[in-house]
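One structure below.
Just so it is clear, none of the values below were taken in a lab; they were calculated from the coordinates. Just so it is clear, the structure is predicted and the values come from calculations on it, not from any experiment. Note: ideal-geometry Cβ built from the backbone for every residue, glycine included; neighbour counts use all protein chains shown.
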Amino acid sequence: MVHLQQHGLEVAATDVPSLGGLKQRVGLPRRLSSCHTAIVDGYVVEGHVPAADVKRMLAERPDIVGLSVPGMPAGSPGMEGPPPVPYNVYAFDDAGNIEVFSSHRP
């Protein structure tokens, strides 16, 4: 959340009784599941997605459900610390398609 706020995005946290239920309701593929789930202007943002990718998604308005960084890769926002590893941000749609939206290298 802090990373997104530092990059000019407004963030409000809400506790939900079942995070797993929320992930299922918003159409998040199980293999893209991570630790945090957000809804940003109608899009799902899952895990440690960089603010630049969220901003790009909002500017381009692709026909997707959302973005995900599965797991918690070292070097992603909020997971700083040695040694950083390369990771991908995935876009997914409601038909089950998943593709690389961006790649990040240390």
Ranked list, fewest to most other Cβ atoms within 10 Å of each Cβ, for LEU22, LEU32 = LEU22, LEU32
Figure the gain on full extension for ILE98 and VAL85 (residue separation times 0.36 nm, minus the Cα-Cα span) and round it to one decimal in nm.
-> 2.6 nm
Relative to a virtual label point 7 Å from the Cα of ALA52 in the Cα→beta-carbon direction, which members of the stretch 91-106 show backbone nitrogen distances below 16 Å?
-> 101-106
Calculate, axis by axis, the spread of Cα positions in the chain along the three principal axes, and write the results as whole Å, longest axis first.
-> 35, 29, 26
For ASP63, net neighbour charge (Lys/Arg +1, Asp/Glu -1) across residues whose Cβ lies under 11 Å away | -2
